[in-house]
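**Q** Sending over a structure as structure tokens; questions will come in a sec.
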Amino acid sequence: MNVFKEMVLSIYSYKSYKEFLNNKKGKVFGFGLLLMLIYFLITVGIPFARFHGTKGIAGQMDELIPEFELSDGRLWAEDEFVYEYGGIYIAVAANSDEVFLNARDIESSLYEYSSVWLMDSEKMILKSDGEVIEAYYSDLDMELTKSELMGLVPYIYVAIAVVMLLAFLWMTALFFLGVIFVALMGMIAASCMNYQLTFGQLYLLGIYSRTLPLLIKAAVSFLPIKIPFFFIFNFGISVFIIIMAIQKMKEKTLQKPLEFTSDGTPGGGNLSGGSTENKNDFSWMN
């Protein structure tokens, strides 16, 4: 079955999960990677593309950043610059001898922003992760102009590419780790429903069950507010899908006619996700 067709079926067709058990490890792993790639492109790629725009990073930097020079422990900037968006506040006022108050005096007024970067002619004040840091240019032993900063743009692109790659790998690793939790919940559900599935089979089903929750999570990421305890709802959907898939498998098994052995005793109709042999087979996970 085509992987994109499987992706669509994994959202609404619980009976298709029985067929997913026949897929090979490589295909299931590829399905997980493709699912995470789609999620990554939606949640990271689209916002970056919107930020990048048609001008590119170099064009936006050239437009937003005024002419400046940092030398001899002093910063001069041709124009004042203020940027405020999504909890981020950046202000540069270094075209005069006027300076901001020190970090301790203005710390209380920065509480509404998650990240702050203030620069005057003699120092900069940074706020990140709730911590406020003050640094004087005279202590940095650094000289820089706008033209020199623009010359670093190619390296900025390389740094962004590396960061995005690492972010994708980290998010993918968390995805496959999260499926372990879904599989464990699936084991409890299968036991309560008296239906036998190995952990490897439940892990496989767990990968497919993450399609709908991840799409919902991607859509929610564009909302201006955060939904409290969303992770419970997120994984709850996957567990619900696993339960419904098991129910469909159980119904299909019960509908099968009994098979009789040569001595006349019934030998079919077992409530199992596969062969009665190797019920505790974990080889799928190897």
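**Q** What are the pairs, 6+ residues apart or on separate chains, where a residue within the range 128-141 that is in contact (Cβ under 8 Å) with a residue 12 or more places away in the chain has its Cβ under 6 Å from a residue that is open to solvent by 70 Å² or more (accessible area, probe 1.4 Å)?
**A** 132/107
**Q** Determine the pairs where a residue that is more than 11 Å from residue 69 (Cβ to Cβ) and open to solvent by less than 40 Å² (accessible area, probe 1.4 Å), located within the range 143-155, has a partner that is modelled with pLDDT under 85 and not polar (S, T, N, Q) with Cβ atoms under 9 Å apart, the partner being 6 or more residues away or on another chain.
**A** 153/56; 153/57; 153/58; 153/61
**Q** So the check is Cβ under 7 Å with 6+ separation or different chains; which pairs have a first residue in the range 225-241 that's surrounded by 10 or more Cβ atoms within 10 Å (Cβ to Cβ) and a second one that's of a type in the set (S, T, N, Q) and modelled with pLDDT of 85 or more?
**A** Here the result reads 238/209; 241/209, each pair linking the range 225-241 to a residue that is of a type in the set (S, T, N, Q) and modelled with pLDDT of 85 or more.
**Q** Please indicate, with yes or no, whether at least one residue in the range 217-237 is closer than 14 Å to residue 35 by Cα and in a loop (DSSP other than H, G, I, E, B).
**A** No: zero hits.
**Q** Further question: Write out, first by first residue and then by second, each pair whose Cβ atoms fall under 9 Å of each other, whose residues are 6+ apart or on separate chains, and whose first residue, in the range 40-60, is of a type in the set (Lys, Arg) while the second is surrounded by fewer than 12 Cβ atoms within 10 Å (Cβ to Cβ).
**A** 55/63
**Q** Find the helices (runs of 4 or more DSSP H) located wholly in the range 3-121 whose residues include 2 or more that are open to solvent by less than 70 Å² (accessible area, probe 1.4 Å), small (Gly, Ala, Ser) and at pLDDT 90 or above, and list them.
**A** Counting at least 2 such residues, we get 25-40.
**Q** Hey, among the residues in the range 128-155 that are over 23 Å from residue 79 (Cβ atoms) and of a type outside the set (Asp, Glu), which one's modelled with the highest pLDDT?
**A** 155
**Q** Sort out which residues of the range 174-215 are open to solvent by less than 50 Å² (accessible area, probe 1.4 Å), β-branched (Val, Ile, Thr), over 18 Å from residue 30 (Cβ atoms) and assigned to a helix (DSSP H, G or I), and write them in order of number.
**A** Result: 182, single match.
**Q** Quick test for you: out of 229, 181, pick the one residue that is aromatic (Phe, Trp, Tyr), on the phi > 0 side of the Ramachandran plot and out of contact with any Gly (no Cβ under 8 Å at 6 or more places or on another chain).
**A** When all the criteria are applied, what remains is 229.
The values are calculated or read from the model by the stated rules, or taken from the named source; none is laboratory data. Note that the structure is predicted; figures quoted are calculated from it, not measured. Counting neighbours? That spans all protein chains shown, and the Cβs are built from the backbone with ideal geometry, glycine included. Each accessible area value is taken on the protein alone, full model and side chains, heavy atoms only, with ligands, DNA and RNA left out. Shrake-Rupley method; radii C 1.70, N 1.55, O 1.52, S 1.80 Å.
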